[in-house]
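Colleague: One structure is given below, represented as structure tokens, and several questions about it will come after.
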Amino acid sequence: MVNRRISLVHPTSNPNSRNAAIALAEANLLHEVITAVAYDPKSQLARTIRQLPRSIGLPLSQELERRTWVAPGSSTIRTHPWREALRVALVKSGVSTKVGLGQQGPINWVYKSLDRHVARCHLNEIDAVYAYEDGAAYTFEAAKQRGIRCFYELPIAFHHTSRQIQQDEARRFPEFASALQAAHEPLWKLERKDQEAALADHIFVASSMTRQSLLDAGIASERISVIPYGAPVDYFRPQPKLDKKFRALFVGRVGPRKGVHYLLQAWKKLRLSDAELKLVGVNEFPTGWLESFQDCIHYLPSVPHTTLRQHYCNASVLVFPSLVEGFGLVMLEAMACGIPVITTPNAAGPDIITDGVEGFIVPIRDPEIIQEKLEWCYENPDKLAQMGRSARKKAELSTWFGYRQKLASKIQTLLSE
């Protein structure tokens, strides 16, 4: 096997794809990264943006930072930016919604276009390709014809499970149906997901919940590896809390898939003194619904990822009651800051914490249990602080370095078979 012969394909960028690329580079396996837009925060472009008026430079910088890619080692990054640039323009301007495309239409276009381009132009002189959900069908089909190995990362529960849970939730709360994306994905997209999983030689997931969703769909266990994602423990570190207020924090997309409505039900019943529920993230509830809770919550629509540390460190507990997830990275970020977590089995809770040690694992759709655990946290500050210390220790054992070592080792083993 010749080194440096794996290409990694991801249309955007996120911590797990960046660390997968670094893992391959550290093992001298990475040929190139293929993406839409690659932004370097240390580039001349970044320095120029920082000189712009804040009203222009800040939102532009935040948008580009979501697409951060810095070439790992001596590898190259191939970019195909114009479709992604057009997608952002369509969505941000509102044109996408006005013409009936919504947000998913342009996203699907970007993913399929890059997938098709990789299949046509980027499979030369490689031994394997590492790709992601919704962006691998054409690539894998072409790779199979050339004898190229296909590695697939599934970052969330497989669509059969995700769709069932979200359809059930839409029946419980019809007013939220439009926000539950997997409940009404088109048939062609579901068939693509099935095709990708069928063509993959090996599938990498970050949680036992995602693994089980694949097993339930008939995927053989020997084709699946569970490698949990990591915590950036050097950046996210405990800092003194700025006040004594009890503060429950949620970070993520503020919508029904994340179970936020159950958290709000629980919080409204608690009526705690000198306490605050802070929600950080894009509001995915129907217009006006979240606003009805404005008297009992502190809501921030979105914040730069670089400022999240401050929000974690000023929290007493992170609550992440997701109905269906792959792996809640925000939980490890909070734990790295010494903050305990209340979460569910469907958010990779059992893969991250031990119930009662670094936080609590609660059933999905159970506001009464969320209320009970929040009340315990409020009434037991000393025990909660000990949970936070345990959370930090657990995060220190769950680093991105460890993730990269495990991923590279498994891929090397697979390539040698």
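Laboratory data are not the source of any read-out in this text; all were calculated from the coordinates shown. Bear in mind that the values here come from a model prediction, so they are computed numbers and not experimental data. Every residue, glycine as well, gets a Cβ built from its backbone with ideal geometry; the counts of neighbours run over all protein chains shown.
Colleague: List, in the order given, every pair from Lys244/Lys393; Lys269/Lys383; Lys112/Lys193 whose Cα-Cα distance in the structure shown is over 20 Å.
Modeller: Values: Lys244/Lys393 23 Å; Lys269/Lys383 23 Å; Lys112/Lys193 12 Å.
Table pairs above 20 Å Cα-Cα are Lys244/Lys393; Lys269/Lys383.
Colleague: Please state the charge dipole magnitude for the stretch 246-396, taken about the Cα centre, from unit charges on C-beta atoms (+1 on K and R, -1 on D and E), reported in debye and rounded to the nearest 20.
Modeller: Numbers: 16 positive and 17 negative charges, 44 e Å.
Using only the charged Cβ atoms, the result is roughly 200 debye.
Colleague: Rank these for me by crowding, Arg5, Arg54, going from fewest to most other beta carbons within 10 Å. Kindly include the intermediate steps, with their values, before the conclusion.
Modeller: Values: Arg5 19, Arg54 9.
Going from sparsest to densest Cβ surroundings: Arg54, Arg5.
Colleague: Shifting gears a bit: Quote the relative contact order of the stretch 246-396 in percent (integer), defining contacts as alpha-carbon pairs under 8 Å separated by 6+ residues.
Modeller: Working: 280 pairs, mean separation 37.5, N = 151.
In percent, rounded to a whole number, it is 25.
Colleague: With the contact rule set at Cα under 8 Å and sequence spacing of 6 or more, what percent relative contact order holds for the stretch 120-164?
Modeller: Rounded, it is 43 percent for the stretch 120-164.
Colleague: Here is a further query. How much net charge surrounds Tyr299 when only other residues with a Cβ under 12 Å from its Cβ are counted (Lys, Arg +1; Asp, Glu -1)? All intermediate terms of the calculation are to be shown ahead of the outcome.
Modeller: Working: positive: Lys278; negative: Glu276, Glu291, Asp295.
Around Tyr299, the charge tally is -2.
Colleague: Rounded, prolate or oblate: which one fits the stretch 187-275, using the alpha carbon gyration tensor with axes a ≥ b ≥ c (rounded when a/c is under 1.5, else prolate when a/b beats b/c, else oblate)?
Modeller: Details: a/c = 3.43, a/b = 1.91, b/c = 1.79.
Cα axes put the stretch 187-275 in the prolate bin.
Colleague: Compute the separation of the alpha-carbon centres of the stretch 267-308 and the stretch 350-417 and state it in Å as a whole number.
Modeller: If you average the Cα positions of each part, the centres end up 23 Å apart.
Colleague: With +1 assigned to the C-beta of every Lys and Arg and -1 to the C-beta of every Asp and Glu, and no other charges, what is the dipole magnitude of the chain about the Cα centre in debye, to the nearest 20? The partial results should precede the final answer.
Modeller: Numbers: 51 positive and 43 negative charges, 205 e Å.
Dipole size: approximately 980 debye.
Colleague: Would you work out if the stretch 57-151 is rounded, prolate or oblate? Take a ≥ b ≥ c from the square roots of the eigenvalues of the alpha-carbon gyration tensor; rounded if a/c is under 1.5, else prolate when a/b is larger than b/c, oblate otherwise.
Modeller: oblate
Colleague: Moving on. Taking +1 at the Cβ of each Lys and Arg and -1 at the Cβ of each Asp and Glu, which of Ala315, Tyr262, Tyr378 sits farthest along the dipole of the stretch 246-396 towards its positive end, judged by Cα position relative to the Cα centre?
Modeller: Most positive-ward Cα: Ala315.
Colleague: Using a 10 angstrom cutoff on alpha carbons, build the Gaussian network for the chain and name the most mobile of Ala347, Ala220, Ala25.
Modeller: Maximum fluctuation in the GNM of the chain, among the listed residues, is at Ala220.
Colleague: At 222 nm, what helix-only mean residue ellipticity would the chain give, in deg cm²/dmol to the nearest 500, using -39500 (n - 2.57) for each DSSP H run of four or more?
Modeller: Numbers: 17 runs with 185 residues, N = 417.
Computed ellipticity for the chain at 222 nm equals -13500 deg cm²/dmol.
Colleague: Follow-up question, since we're still on this one. Could you tally the net charge around Val341, taking each other residue with its Cβ under 11 Å from the Cβ of Val341, Lys/Arg +1 and Asp/Glu -1?
Modeller: Numbers: positive: Lys373, Lys394; negative: Glu333, Asp355, Glu358.
Net charge in that neighbourhood comes out at -1.
Colleague: List the aspartates and glutamates whose alpha-carbon lies under 15 Å from that of Lys278, not counting same-chain residues fewer than 8 positions away?
Modeller: Within the straight-line limit of under 15 Å, Lys278 reaches these aspartates and glutamates: Asp243, Glu291, Asp295.
Colleague: If you take every DSSP beta bridge fully contained in the chain, what fraction is antiparallel? Give it as a percent rounded to 5. Please list the in-between numbers first.
Modeller: On the way: 0 of 43 bridges.
If I count the DSSP bridges inside the chain, around 0 percent turn out antiparallel.
Colleague: Test of understanding: ordering Leu8, Leu415 by Cβ neighbours within 10 Å, fewest first, what list do you get?
Modeller: Lowest count first: Leu415, Leu8.
Colleague: Charges only on Cβ, +1 for Lys and Arg, -1 for Asp and Glu: so what's the dipole of the stretch 43-179 about the Cα centre, in debye to the nearest 20? Could you put the intermediate results ahead of the total?
Modeller: Numbers: 19 positive and 13 negative charges, 92 e Å.
I would put it at about 440 debye.
Colleague: Here is a follow-up. In what order do Tyr235, Tyr130, Tyr378 fall by count of nearby beta-carbon atoms within 10 Å, going from fewest to most? Walk me through the numbers on the way to the answer.
Modeller: Values: Tyr235 13, Tyr130 27, Tyr378 18.
Ascending Cβ contact count within 10 Å gives the list Tyr235, Tyr378, Tyr130.
Colleague: So, one more: Sequence gap at least 6, Cα distance under 8 Å: using those rules, report the relative contact order of the chain to the nearest whole percent.
Modeller: 14 percent
Colleague: Is the stretch 246-396 rounded, prolate or oblate when judged by the Cα gyration tensor, a ≥ b ≥ c being the square roots of its eigenvalues, rounded requiring a/c under 1.5 and prolate requiring a/b larger than b/c? Before the final figure, lay out the partial values.
Modeller: Numbers: a/c = 1.36, a/b = 1.27, b/c = 1.07.
Here the stretch 246-396 falls in the rounded category.
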